[in-house]
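Down below is the structure, laid out as structure tokens.
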Amino acid sequence: MEKKYREINELKEACGVFGIYGPGEEVAQFTYYVLYALQHRGEESAGIAVADGKTVMVEKGMGLVADVFPNQDKLINLKGHIAIGHVRYSTTGASELVNAQPLLYRYRGGFLAVTHNGNLTNSKELRYKLERDGSIFQTTSDSEIIAHLVALSGKKDLVRSLKLAAEQLRGAYAFVLMTEKSLLGLRDPWGIRPLSIGKLNGSFILASETCAFDSLGAEFIREVRPGELVIINEDGLVSEQLIPSRGEKLCIFEFIYFARPDSQFMGRNVHLVRKELGRVLAREHKLKADLVTGVPDSSLSTAPGVAEELNLSYETAFVKNRYIGRTFIQPDQIDRTAGVRLKLNPMNSLVEGKKVIMVDDSIVRGTTSLRIVDKLKKAGAVEVFVLISSPRITHPCFYGIDTASKDLIGAKMDVPEITKAIGADYLGFLSQEGMLTATGLGRDCFCTACFDGCYPEEIHFRKQKHLFGDRY
Ligand code: AMP
């Protein structure tokens, strides 16, 4: 029942990673604040690990940050000037406490605490080899692999160990790691998952999104470069190009959907890029309607762009109940529909008798669009035109967005068929060219594999499936 529910109803997102090195500060509290700012990147589990120069402690649990840290009790125990934090959606490994991060290890080199955003594409292969050589894994998550690779490297120097490990890893990763004395950040050679460096007085900070820096009043310094390792300790920040960069291929879904609108990547503010996505989308589909509305939250930036370009009024036709998390609708609840209505309610008086343009960021399986079109029609809209601010998703993602095993409607149907399937009167996707233009950045800057099948690297685990089956 649980599995079926999850397959049908959930899509997973990226995770959020964070780290701070604050000499003379108690940094657990900062980490706690930042996890709130990164909560949108993962609602399944949350955790903080803190180091004081000698030892490392960790507190983690299932659920939202507020569930895991309901009061100061756990934070008070986390004493030290170095901390890492994580919010998780499981893209590999089950959604259970054992897989919650930070993961903490003790090996002959000392402590190593691990947080990871992304997906390793050769995790089955690596895990198979590591287990064959005697490693005993504590979790089913691919994030654990780096710790075993470091421990087995036989090198005393952590940087050398990490280099040997990184040379074996394939896929997407933004790691924020911590020893008892240092904070480290490592990004995959394509830079598929984001990681930035910030500074707050004497403290250095690493985070998936720059909104984390804003939440602390910290200053953004720069992004960690693809393949770069940054090490922060009593000597300050040192950087090393650990493995050669293969070019920049940031997941374009960060701009389309994942990131908070107040974050920035490659010098571009997410909200402004979304608004531009909306403008280009409207130029590609010159529709006549009475109003434009967006599905919260990502389209609250995009839909106004559509409306401005079409000279139509933008209306907030849906009210989202912000107090209901994803965990609210339980699988065994008979009346799930009531839950859905509680979460997102259309304003009948706005849409009654109107032709409505409904903007959303993407169609994966088509379930959201089907539901939203239905809601608008039931609320009295005479026609519903759906505009999507990304191209048709035709290929699975293996890099941390959980569309690998999903039933991609865009892979099975063409646009007229999808239009019919979601019950819309019109459906328009943004072209790939239009999407790239709207970012204002070069086409080489992004991984667009889910739209065009051009994966930055070979997909190892497909080839390995016959060898490892579905064991992991
Ligand atoms: P679907 O309902 O399966 O067509 O999924 C599309 C909806 O899910 C859109 O409204 C998106 O805002 C949202 N979405 C897209 N990608 C993801 C993802 N990886 N994780 C969670 N939600 C997503």
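Multiply the residue gap between L164 and E219 by 0.36 nm, knock off their C-alpha separation, and tell me the result in nm, one decimal place.
16.6 nm
In nanometres, what is the gap between the two model label sites at R108 and L272, each 7 Å from Cα along Cα-to-Cβ?
Between R108 and L272, the label points sit 5.3 nm apart.
Restrict the search to the stretch 233-323; then list the trypsin sites (Lys or Arg not before Pro) that DSSP places in a loop and that have at most 16 other Cβ atoms within 10 Å of their Cβ.
R246, K286, K288, R322
Rounded, prolate or oblate for the stretch 153-241? Axes are the square roots of the Cα gyration tensor eigenvalues, ordered a ≥ b ≥ c, and the cut-off for rounded is a/c under 1.5.
In terms of gyration-tensor shape, oblate.
In the stretch 203-299, which GluC sites (Glu not before Pro) fall in coil by DSSP and have 15 or fewer other Cβ atoms within 10 Å?
Answer in residue order: E234.
Could you give the nm distance between label points at I136 and T394, where each point is 7 Å from its Cα heading toward the beta carbon?
Rounded to a tenth, the inter-label distance reads 4.9 nm.
Please compute the length gained on full extension between D157 and D425, using 0.36 nm multiplied by the number of residues separating them and subtracting their Cα-Cα distance.
Roughly 90.3 nm would be gained on extension.
Just round it to a whole percent: the fraction of Cα-Cα distances in the stretch 15-249 exceeding 23 Å.
41 percent
How high is the FRET efficiency between T437 and N201 when r is their beta carbon distance and R₀ equals 30 Å, given to the nearest 0.05?
0.15
What are the equivalent ellipsoid semi-axes of the stretch 26-159, built from the alpha-carbon gyration tensor (square roots of five times its eigenvalues), in whole angstrom, biggest first?
26, 19, 11
Rounded to the nearest 500, what is the chain's calculated 222 nm mean residue ellipticity when only DSSP H runs of at least 4 contribute -39500 (n - 2.57) each, over all residues?
The helix contribution divided over the chain gives -8500 deg cm²/dmol.
What does the charge dipole of the stretch 15-249 about its Cα centre add up to, to the nearest 20 debye, if the Cβ of each Lys and Arg holds +1 and the Cβ of each Asp and Glu holds -1?
Computed charge dipole of the stretch 15-249: roughly 700 debye.
Take every Cα-Cα pair in the chain and report what % of them are more than 43 Å apart.
Summing the P(r) of the chain above 43 Å gives 14 percent of all pairs.
Anything over 21 Å Cα to Cα? Flag those among K155/K181; K181/K249; K60/K320; K156/K249, in the order listed.
K181/K249; K60/K320; K156/K249
Determine the percent antiparallel among the DSSP beta bridges restricted to the chain, to the nearest 5.
The answer is about 80 percent antiparallel.
So for the stretch 269-442, what are the equivalent ellipsoid semi-axes in whole Å, largest first, each being the square root of 5 times an eigenvalue of the Cα gyration tensor?
Equivalent ellipsoid semi-axes, largest first: 23, 21, 16 Å.
Can you give the FRET efficiency to the nearest 0.05 for L287 and I324, using r as the Cβ-Cβ distance and R₀ = 45 Å?
0.90
Coordinate-derived values only; no laboratory data. All values derive from a computational prediction rather than experimental measurement. Please note: Cβ atoms are built from the backbone with ideal geometry, for glycine as well, and neighbour counts cover all protein chains shown.
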